1. Check the stretch 107-115 and report whether any residue there is of a type outside the set (Val, Ile, Thr), open to solvent by less than 60 Å² (accessible area, probe 1.4 Å), at pLDDT 90 or above and touching a Pro at 6+ places or on another chain (Cβ under 7 Å).
2. For the stretch 21-47, how many residues are of a type in the set (Gly, Ala, Ser), over 15 Å from Arg93 (Cβ atoms) and either modelled with pLDDT of 90 or more or open to solvent by 50 Å² or more (accessible area, probe 1.4 Å) (or both)?
3. Looking only at residues that are open to solvent by 40 Å² or more (accessible area, probe 1.4 Å) and small (Gly, Ala, Ser) in the stretch 79-103, which one is nearest to Gln56 (Cα to Cα)?
4. Can we say Val133 is of a type in the set (Val, Ile, Thr) and over 21 Å from the mean Cα position of the chain (by Cα)?
5. Among the residues of the stretch 52-68, how many are within 13 Å of Leu106 (Cα to Cα) and either open to solvent by 20 Å² or more (accessible area, probe 1.4 Å) or over 21 Å from the mean Cα position of the chain (by Cα) (or both)?
6. Give the residue, chosen from Val72, Val130, that is surrounded by 12 or more Cβ atoms within 10 Å (Cβ to Cβ), without any contact (Cβ under 8 Å) to a residue 60 or more places away in the chain and under 15 Å from Leu34 (Cβ atoms).
7. Collect the residues in the stretch 83-95 that are under 18 Å from Gln110 (Cα atoms), part of a helix (DSSP H, G or I) and under 20 Å from the mean Cα position of the chain (by Cα), keeping them in residue-number order.
Amino acid sequence: MAKPGYISAKPLSVLLSDVFSDAYAKQGFAARELVTRWADIAGPEVAAHSEPLKIQWPRPVEGQPQEPATLVLRVEGPMALEIQHASDVILQRVNRFFGWSAVGKLALRQAPLSRRNRPAPSRAPDPKAVAKVAETLSSVEDDDLRAALARLGALIKRN
């Protein structure tokens, strides 16, 4: 009886990447990073009460420059007014993420968010780990820079 061949396990994200890409493309997203990294892009305060639904691209008119898209956000009811007031900042952050002026306006849809769990706030690094990393940074002269590098090093080692 012959031995079975080597079987390599593939991550689920690799197997389903085409499925997810098609689903996001139907909602106008060129890439899924806007949805998956929404908290990093919009900030934790905005992301806690909103989520991107789709991007609506206007139809191109021949001979005219391409108009910017509209980002449709699902927003929890009472926070809609706050997010509307912060729309300029949100647009700047989204366009900075894209690297060009892709989105020109926001459209808000008041509804409960689809996710149930909230992103956990990041924990501060352990002071002992920060002190241990800071010992290795004796060549850095600036105290603030040394402290920041020590915190970063402790967070990297924690993960």
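The values are calculated or read from the model by the stated rules, or taken from the named source; none is laboratory data. Given the structure is predicted, the values throughout are model-derived calculations rather than measurements. Glycine gets a Cβ as well: all are built from the backbone with ideal geometry, and neighbour counts include every protein chain shown. Side chains are part of the model used for accessible areas, which takes the heavy atoms of the whole protein and leaves out ligands, DNA and RNA. Shrake-Rupley method; radii C 1.70, N 1.55, O 1.52, S 1.80 Å.
1. Among the residues of the stretch 107-115, not one is of a type outside the set (Val, Ile, Thr), open to solvent by less than 60 Å² (accessible area, probe 1.4 Å), at pLDDT 90 or above and touching a Pro at 6+ places or on another chain (Cβ under 7 Å), which makes the answer no.
2. Going residue by residue through the stretch 21-47, those that are of a type in the set (Gly, Ala, Ser) are 21, 23, 25, 28, 30-31, 39, 42-43, 47.
From the residues that got through so far, the ones that are over 15 Å from Arg93 (Cβ atoms) too are 21, 23, 25, 28, 30-31.
If we keep only those that are either modelled with pLDDT of 90 or more or open to solvent by 50 Å² or more (accessible area, probe 1.4 Å) (or both) as well, we get 21, 23, 25, 30.
The qualifying residues number 4.
3. Step one: of the stretch 79-103, the residues open to solvent by 40 Å² or more (accessible area, probe 1.4 Å) are 79, 81-82, 84-85, 88-89, 92-93, 96-101.
Among the residues that remain, those that are also small (Gly, Ala, Ser) are: 99, 101.
Working: Gly99: 18, Ser101: 14 Å.
My answer is Ser101.
4. On the way: of a type in the set (Val, Ile, Thr): yes; over 21 Å from the mean Cα position of the chain (by Cα): yes.
So Val133 passes the test.
5. First, the residues of the stretch 52-68 that are within 13 Å of Leu106 (Cα to Cα): 52-57, 68.
Narrowing further to those that are either open to solvent by 20 Å² or more (accessible area, probe 1.4 Å) or over 21 Å from the mean Cα position of the chain (by Cα) (or both): 53-54, 56-57, 68.
The number of residues fulfilling the criteria is 5.
6. On the way: Val130 fails: under 15 Å from Leu34 (Cβ atoms).
Result of the check over Val72, Val130: Val72.
7. Step one: filter the stretch 83-95 for residues under 18 Å from Gln110 (Cα atoms), giving 83-87, 90.
If we keep only those that are part of a helix (DSSP H, G or I) as well, we get 83-85, 87, 90.
Ile83, Gln84, Ser87, Ile90 - these are the residues of the stretch 83-95 that are under 18 Å from Gln110 (Cα atoms), part of a helix (DSSP H, G or I) and under 20 Å from the mean Cα position of the chain (by Cα).
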